[in-house]
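Peer 1: Just passing along the structure, written as structure tokens.
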There are 2 protein chains.
Amino acid sequence: MQIVHSFQELRSARSQMSGTVGLVPTMGFLHEGHLSLVRAARAACDHVAVSIFVNPTQFGPKEDLANYPRDLDHDAALLEKAGVDLVWNPTPEEMYPQNYQTWVSVEDLTRPLEGGYRPGHFRGVTTVVAKLFNAVQPHKAFFGQKDAQQAAVIRQMVRDLSYPIEIVVCPIQREADGLAMSSRNTYLSPQERRAALVLSRSLFKARDAYTAGSRDAAALRQLVLDSLAQEPLANVQYVSCADFETLQEVDTLQHPALLSMAVYVGKTRLIDNVILG
Amino acid sequence: MQIVHSFQELRSARSQMSGTVGLVPTMGFLHEGHLSLVRAARAACDHVAVSIFVNPTQFGPKEDLANYPRDLDHDAALLEKAGVDLVWNPTPEEMYPQNYQTWVSVEDLTRPLEGGYRPGHFRGVTTVVAKLFNAVQPHKAFFGQKDAQQAAVIRQMVRDLSYPIEIVVCPIQREADGLAMSSRNTYLSPQERRAALVLSRSLFKARDAYTAGSRDAAALRQLVLDSLAQEPLANVQYVSCADFETLQEVDTLQHPALLSMAVYVGKTRLIDNVILG
């Protein structure tokens, strides 16, 4: 496994790959969720490249850029074991040099949900992912369903900007007790870690109600909100029941829907979701 | 020479090209300026692809999209003779399908000059060029110095978005009497065609003054304006003497400068420029 930092090293390494290349873009501090993406890439492509870059432009001014957890050595060991060919770990200065001034923006799909609470977040995501795609020129790229809106936005960007890249979205990986895996779980105190189970528990209750025949979106949202309200450490930012394709809130579930939430547990902002239908 | 329309045909044709690929993006109605780009591509690359697409998103609501001249058969004959391998002529519906919502924007460089008078123009240009780059994946792409700001904006986009593509900018091609070649010259009546010579004549006067030692930008702009004022059919939109890299207006010419203008001759908007230094 080769670890490169500069664009020049990346280009040289990429030019030596023949056959298909799968890219797994990450911000590092890898967990089983990332590794499931690597395994999917490994199974589908001749070569696997993983980028590790904590992208400053997708963090808001009051968000956790400085504190975001980093551990390149541990990440590299995990990726080596997982059979990755190439790790690209660029510096912020090389990704955003002086006089940087170009942005990729997806419009409608970035307005609701995360986009509503994190202005500029998706512009940072789509811009950096476009850069990763351009520099690596993968045939397939792998994203997690945990960041459901991100996956939808990237799919839209790929379609709109004519990238000849297949976007593969892999299921959420959860701890044994149901908590969706996230690098940000490391922020949680033991007490908050227990409290954080309310997210998945609430979503699973609503999924059970859906399976039992409930199709009223307001009722499903209220079921989730009532369940979240039982946890004093949880502070709800939003609970959404939206069309899976457009991410617009629905009244009645006829097509596949995304039931999603953002919840603060202490000072840590967590997101989770289930697909209904 | 193969002519393709759909993305699928393009991908199939592109996958059969080994070695380096040069792309010449055009809006068709080709003239000697375009053909000079094709020759440069032919000399530098194993394969040459030319896109012909009158891109609606770079035209303002009051601009000449509907009337923009088109002649695919004539274009194809010229390109075949010039040794082009592949012509890609997509439809607006395939380039901008329903629910299209992704844009590539370059900020600072698009604010002055053309960007100031044609709001949204460069967003349309950078977006379509990104799409052309993604779909064709060329090693080099060729643009004309006639659209000087466009060339600078594309260079910035390529640098910022990490495209592994070399941008080659070729000199302005002029008619024997000095008029810069442009598909829009076809709009000119015989009288306007004669009047349009005032653009290049004024620029050449200023270039002579520069060569003779003049370094005062205001004096050079005034020299051009005075010269343009002698032609009753010419209606000046702007005359600029700007830094060649930043496109910001300068006081004194120390670095290479771009002396440029937009002038209406009758109802036809013409642009022209010379590089000083």
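A quick yes/no check of all residues on (1) surrounded by fewer than 17 Cβ atoms within 10 Å (Cβ to Cβ); (2) farther than 19 Å from residue B:150 by Cβ:
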position	(1), (2)
B:175	yes, yes
B:182	no, no
B:203	no, no
B:210	no, yes
B:223	no, yes
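Peer 1: Another question, then. Among the helices (runs of 4 or more DSSP H) confined wholly to region A:101-197, which include 1 or more residues that are assigned by TED's automatic domain parsing to the domain that holds residue A:18 and within 18 Å of residue B:131 (Cα to Cα)?
Peer 2: A:121-136, A:148-160
Peer 1: For residue A:137, are the conditions met, namely being within 16 Å of the chain's Cα centre (by Cα) and more than 22 Å from residue B:107 (Cα to Cα)?
Peer 2: The answer is no for residue A:137.
Peer 1: Name the residue that is farthest from the other protein chains (Cβ to nearest Cβ), counting only residues in region A:125-178 that are within 27 Å of residue A:203 (Cβ to Cβ) and of a type in the set (Gly, Ala, Ser).
Peer 2: The residue in question is A:176.
Peer 1: Another question about this same structure. Give A:35, A:30, A:23 a once-over and let me know the one that is of a type in the set (A, V, I, L, M) and either within 14 Å of another protein chain (Cβ to nearest Cβ) or within 15 Å of residue A:132 (Cβ to Cβ) (or both).
Peer 2: The conditions single out A:23.
Peer 1: In region B:80-119, what count of residues is obtained for those that are away from chain A (no Cβ under 14 Å) and touching a helix residue (DSSP H, G or I) at 6+ places or on another chain (Cβ under 7 Å)?
Peer 2: Final tally of qualifying residues: 8.
Peer 1: Can you pull out the residues in region A:234-251 that are of a type in the set (D, E, K, R) and farther than 14 Å from residue A:217 by Cβ?
Peer 2: A:245
Peer 1: Still on this model: Looking only at region B:132-148, which residues are crowded, with 24+ Cβ neighbours inside 10 Å and touching an Asp or Glu at 6+ places or on another chain (Cβ under 8 Å)?
Peer 2: If the condition is that a residue be crowded, with 24+ Cβ neighbours inside 10 Å and touching an Asp or Glu at 6+ places or on another chain (Cβ under 8 Å), then B:141 is the only one that fits.
Peer 1: Taking only region B:65-79 into account, find how many residues are more than 16 Å from the chain's Cα centre (by Cα), surrounded by 13 or more Cβ atoms within 10 Å (Cβ to Cβ) and not small (Gly, Ala, Ser).
Peer 2: Adding up the residues that qualify gives 6.
Peer 1: Report, by residue number, each residue of region A:258-270 that is under 23 Å from residue A:169 (Cβ atoms) and touching a helix residue (DSSP H, G or I) at 6+ places or on another chain (Cβ under 7 Å).
Peer 2: A:258, A:259, A:260, A:261, A:262, A:263, A:270
Peer 1: Can you name the residue in region A:85-100 that is of a type in the set (Phe, Trp, Tyr) and part of a loop (DSSP other than H, G, I, E, B) and is also nearest to residue A:7 (Cα to Cα) among such residues?
Peer 2: It comes out as A:96.
Peer 1: State the number of residues belonging to region A:210-238 that are without any contact (Cβ under 8 Å) to a residue 24 or more places away in the chain, of a type in the set (A, V, I, L, M) and closer than 16 Å to residue A:260 by Cβ.
Peer 2: 2
Peer 1: Name the strands (runs of 3 or more DSSP E) wholly within region B:198-277 that hold at least 2 residues that are under 20 Å from residue B:186 (Cα atoms) and charged (D, E, K, R)?
Peer 2: Here the list reads B:268-276.
Peer 1: Okay, next question. Just to check your reading of the model, which residue among A:247, A:253 is within 14 Å of another protein chain (Cβ to nearest Cβ) and touching a residue at least 40 places away in the same chain (Cβ under 8 Å)?
Peer 2: A:247
The values are calculated or read from the model by the stated rules, or taken from the named source; none is laboratory data. Quick caveat: nothing in here was measured; it's all calculated off a predicted structure. Cβ: placed from backbone, ideal geometry, glycine included. Neighbour counts: every protein chain shown.
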